[in-house]
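Notes follow the structure.
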Amino acid sequence: MAELNKKIGFIGSGNMGEAFVGALIQSGIFSPSTIYVSDISEERLNMMRGTYGIHTMNNNVRLFSECDIVVLAIKPQQMNQILSQISGQEGYGISDRKLVISIAAGIPIRKIEALLYSPLDDGSRQKLPIIRVMPNTPALVLSGMSGMSANAYVTADEVTMTKTILEAMGKVVEFKEEELDAVTGLSGSGPAYVFYLAESMTQAGINVGLDPNDAAVLTLATLEGAVQLMKARDESPEELRRKVTSPGGTTEAALKVMEENKVRQNIIDAIAAATRRSKELSQ
C-alpha cells in the first residue's frame, strides 16, 4: 500500500489510538517518522515512542498545529475541554488544509464544528473538514468494522484517504451521519453481543459436564468456523442454519428452546435499545 505523504497526529493514545498507530505502520501507509501522538500520561507516551518509534508530546495545541491529519482518539467527556483549548489559543487559525477525524463515541459532527469553527471565518472553516468515525474493538487485531460520515467540507479525495486509513484496521463503510447511531447499535456494540454469546456457550458446556478449558476451546472454534463458513458460501445465515438443522435432531431441539424464549426478538430489541441510547448520547 502506498505511503501517504502527510503528517498524522493522534490526540490520545489509548487502546484504539494505539491500534491505529500499529495498523498504519504495519500497512506502510505512514512511516513512524510521520506519526505524532499527544497524551497526558508520560508513561503512555514513553511506551508508544519505544514500541513504535513515533514522535510523542504532551501538547495537544502543538500537535494540532503541526499535523495535516488530526485523529481525536479521546473519550467523549474530554472533547469539550481539549477542542476548546485548541480553538481558544492565541492566534488560532487554519492557513493550510487540515483533516480532523473523530473516533469519540456519541459526539456528533455539529458539536465538533461548534468547538473548532466558532473563531474561524468561512474560508478557514472550509480548510478544516471533519469526519466522524464509529470503529469497534476488533480493530485492535486488524479485524475492525468502521462506519464513517463526512461534513460538508470534506472532499472526495479526503474520503478516499480516510477509508485507506481505516482499512488498515479492517473494513469501512460510508454512511449518512444520522445512520451512525444504528451503526453503533449493530457493529460498534456488536462485539459485546458475540462475547456474551461465547460466555453463554462456554458456561453451557461446563454445565453439561465439559472441562472449562475444553468448553472454551470448543466455543471459540465453533464461532470462528461458523463465520468462515458464512464468508465462504454464497448463502444467507438463514439458509446455512436450515442446512444444519435436521428434523427431530439435536440442533432443532436447541433452536426450539431459543424460539420459545424469543431469543431472536430479544437480540433485535437489544440492538434497537443500543441505537436509541446512541441517539440520546448524541444530543
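Restricting the search to the range 22-77, which residues are farther than 14 Å from residue 7 by Cα, of a type in the set (D, E, K, R) and touching a residue at least 24 places away in the same chain (Cβ under 8 Å)?
Matches in the range 22-77: 39, 44, 75.
With 89, 85, 81 as the choices, which residue is modelled with pLDDT under 95 and not in a strand (DSSP E or B)?
89
Answer yes or no: is there a residue in the range 128-138 that is crowded, with 18+ Cβ neighbours inside 10 Å and touching a Lys or Arg at 6+ places or on another chain (Cβ under 7 Å).
Yes, there is a match, as at least one residue in the range 128-138 is crowded, with 18+ Cβ neighbours inside 10 Å and touching a Lys or Arg at 6+ places or on another chain (Cβ under 7 Å).
Within the range 43-87, can you find the residues that are over 20 Å from the mean Cα position of the chain (by Cα) and among the polar types (S, T, N, Q)?
Across the range 43-87, the qualifying residues are 46, 51, 56, 58, 59, 60, 65, 80, 81, 84, 85, 87.
Considering each residue of the range 119-133, count those that are in contact (Cβ under 8 Å) with a residue 24 or more places away in the chain and in a loop (DSSP other than H, G, I, E, B), and give that number.
Of the range 119-133, the ones in contact (Cβ under 8 Å) with a residue 24 or more places away in the chain are 119-120, 124-133.
Filter again for in a loop (DSSP other than H, G, I, E, B), leaving 119-120, 127-129.
Qualifying residue count for the region: 5.
Each row is one residue, and each column tells you yes or no for (1) in contact with a Pro (Cβ under 9 Å, 6 or more places away or on another chain); (2) surrounded by 13 or more Cβ atoms within 10 Å (Cβ to Cβ); (3) of a type in the set (Lys, Arg).
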| residue | (1), (2), (3) |
| --- | --- |
| 10 | no, yes, no |
| 16 | yes, yes, no |
| 20 | yes, yes, no |
| 42 | no, no, no |
| 45 | no, yes, no |
| 52 | yes, yes, no |
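Give the residue that is nearest to the chain's Cα centre (by Cα), with candidates limited to residues of the range 260-283 that are surrounded by fewer than 11 Cβ atoms within 10 Å (Cβ to Cβ) and over 30 Å from residue 104 (Cβ atoms).
Step by step, filter the range 260-283, then rank; the result is 265.
Do we have any residue at all in the range 244-260 that's under 26 Å from residue 135 (Cα atoms) and of a type outside the set (A, V, I, L, M)? Show your work before the answer.
Going residue by residue through the range 244-260, those that are under 26 Å from residue 135 (Cα atoms) are none.
No, the range 244-260 contains no residue that is under 26 Å from residue 135 (Cα atoms) and of a type outside the set (A, V, I, L, M).
Conditions tested, residue by residue: (1) more than 20 Å from residue 129 (Cβ to Cβ); (2) among the aliphatic types (A, V, I, L, M).
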| residue | (1), (2) |
| --- | --- |
| 159 | no, yes |
| 194 | yes, yes |
| 199 | yes, no |
| 206 | yes, yes |
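For a quick check of your reading of the model, give me the residue pairs whose first member lies in the range 231-253 and is assigned by TED's automatic domain parsing to the domain that holds residue 264, whose second is surrounded by 12 or more Cβ atoms within 10 Å (Cβ to Cβ) and charged (D, E, K, R), with beta-carbon atoms closer than 6 Å and at least 6 apart or on different chains.
Taking only residues 6 or more apart or on different chains, the pairs are 245/252.
Return a yes/no flag: does the range 222-235 have any residue that is modelled with pLDDT of 95 or more, out of contact with any Lys or Arg (no Cβ under 8 Å at 6 or more places or on another chain) and buried (at least 16 other Cβ atoms within 10 Å of the Cβ).
No, every residue in the range 222-235 fails to be modelled with pLDDT of 95 or more, out of contact with any Lys or Arg (no Cβ under 8 Å at 6 or more places or on another chain) and buried (at least 16 other Cβ atoms within 10 Å of the Cβ).
The values are calculated or read from the model by the stated rules, or taken from the named source; none is laboratory data. The shown structure was predicted, so the numbers you read here are calculated from the model rather than taken from an experiment. Cβ atoms come from the backbone with ideal geometry, glycine included; neighbour counts cover every protein chain shown.
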